[in-house]
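This report concerns only the one structure given below.
The values are calculated or read from the model by the stated rules, or taken from the named source; none is laboratory data. A quick note: this is a predicted structure, and the numbers were derived from the prediction, not measured. Cβ placement follows ideal geometry from the backbone for every residue including glycine, while neighbour counts extend to all protein chains displayed. In case anyone asks, the SASA skips ligands and DNA or RNA and just uses the protein heavy atoms, side chains included. Shrake-Rupley method; radii C 1.70, N 1.55, O 1.52, S 1.80 Å.
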Amino acid sequence: DGRLTFFPGNQTVDLPSINFMKRYGTVFLNAYTNSPICCPSRAAMWSGLFTHLTESWNNFKGLDPDYVTWMDLMEKHGYHTQKFGKLDYTSGHHSVSNRVEAWTRDVHFLLRQEGRPMVNLTGDRKRVRVMEADWRNTDKAVNWIKEEAVNLTQPFVLYLGLNLPHPYPSPYAGENFGSSTFLTSPYWLEKVTYEAIKIPKWSSLSEMHPVDYYSSYTKNCTGEFTEEEVRNIRAFYYAMCAETDAMLGEIISALRDTGLLRKAVVIFTADHGELAMEHRQFYKMSMYEGSSHVPLLVMGPGVKEQQEIPNVVSLVDIYPTMLDIARIPVPQNLSGYSLIPLLHKKTESEVSPSGPRPSWVLSEFHGCNVNSSVYMLRTGKWKYIAYSDGCSVLPQLFDLTADPDELTNVAIKFPLIVRSLDKILRSIVNYPKVSSSVQEYNKQQFISWKQSLGQNYSSVIANLRWHQDWLKEQKKYENAIDKWL
């Protein structure tokens, strides 16, 4: 959640490495994902293109492997390149359940797709390395800096992808389990200030926007939660962020120890945020700030120190920025704009040949846990969210200055604002057309999957993540699928 990198969010947990980057670099106050889910978000970051252009619709359908990433171009231009850890941009390693849930979101049924979010404390005060796989990858990156990077005669680019602070798989939820367990150790939990944790205000279920209700239900969050449960989920999430921050610290230390820190540009960001029980949801897949607002910090030669940039930016901007840093010509067809003019505080007249940066960012979502394609336009104080074809589901409009917690949809109150923002949105993406092609894609994918299984389709579907709900009224849900098809 990007809001944790600046005041007031950062009061809840100590993030020394983030603070170091703020002290010696720049923090973007309004950075957004272009799609709030792992694979499509990473596809946008690696390709520099919006989701509707790459057709990276869900966690299974990512970037075509033939796309040229910014790292490919840097390698072609003489950079030594190295990747460690989570990549997940051509296709996520996601279960059959995840795919089927994404394809069947247009079916008229409500089924829980996740385990109920919960916390799990492991180890004792000495247990520092909870997410061991991430630590192994961090160690690899540190060793690479100390043993390889330091001896290179050519420039290098190193990428390290972490899983944390993603919640952990929940085996109690069945064989196709989702990841609904917030896990940490006492060592990290002690870094969280419980008194500073804000308990989010929830609308009543009957007042929720229909798409929010579907999301909350499929994420298994419509039941009763005590204030203590909600506070713990948030605290454990913040503790997981503290562990992530320590891994960033290892990289910064390795660069400092080798004398490379003076010469290196360091960028820290994320594919999406975590709602952590805001809006009666956990996980991502939502345009609310907790899910769509990402951290983005940059430090290095020429980057202004202690700078806070209010401009809206998004992950597609990483591609042209990386090329700009490397002085490689930036392709013209990209969706993003280089961040270098903002980082170096240049005037508009000196800005890149692709013209001035637009005053908006776009995010879109087409995957599971949401029963409609969603499009978000963020500009000025407004966040406009349109759904599906723009008329079958009512839009949402939030004034983030007056209502930072996004509790009051003011779309009906400001019809002219809605009209003008919708016009901008349609000039960027023909969203009714995109929504319709995603619906068609989902149906065709489901049909070919169903045919590949032959007669036992229903027994396979009965054992997916939603098995507890499905098995209560199997016939009813099979009929709903038949009707959809």
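Miscellaneous remarks
- Residue satisfying all of: in region 30-80; out of contact with any Lys or Arg (no Cβ under 8 Å at 6 or more places or on another chain) and charged (D, E, K, R); least open to solvent (accessible area, probe 1.4 Å) among these: ARG42
- Residue in region 120-135 that is in a strand (DSSP E or B) and at pLDDT 95 or above present: yes
- Flag for THR222 being in contact with a helix residue (DSSP H, G or I) (Cβ under 7 Å, 6 or more places away or on another chain), surrounded by fewer than 20 Cβ atoms within 10 Å (Cβ to Cβ) and without any contact (Cβ under 8 Å) to a residue 60 or more places away in the chain: yes
- Pairs linking a residue in region 50-67 that is on the phi < 0 side of the Ramachandran plot to a residue that is crowded, with 23+ Cβ neighbours inside 10 Å and among the acidic types (Asp, Glu), with Cβ atoms under 7 Å and 6 or more positions apart or on different chains, are THR51/GLU364; HIS52/GLU364.
- Test: residue in region 83-100 that is without any contact (Cβ under 8 Å) to a residue 24 or more places away in the chain, outside the structural domain of GLU473 (by the TED database), basic (Lys, Arg) and surrounded by fewer than 20 Cβ atoms within 10 Å (Cβ to Cβ): no
- Consider region 257-295 and keep the residues that are on the phi < 0 side of the Ramachandran plot, among the charged types (D, E, K, R) and more than 11 Å from the chain's Cα centre (by Cα). The one that is least open to solvent (accessible area, probe 1.4 Å) is GLU278.
- Close pairs from region 1-16: first of a type in the set (Asp, Glu), partner surrounded by fewer than 23 Cβ atoms within 10 Å (Cβ to Cβ), Cβ under 7 Å, at least 6 apart: ASP14/LYS191
- In region 436-448, the count of residues that are open to solvent by less than 40 Å² (accessible area, probe 1.4 Å) and either touching a strand residue (DSSP E or B) at 6+ places or on another chain (Cβ under 8 Å) or not in a helix (DSSP H, G or I) (or both) is zero.
- One residue alone among LEU421, LEU400, LEU416 is within 22 Å of the chain's Cα centre (by Cα) and modelled with pLDDT of 95 or more, and that residue is LEU400.
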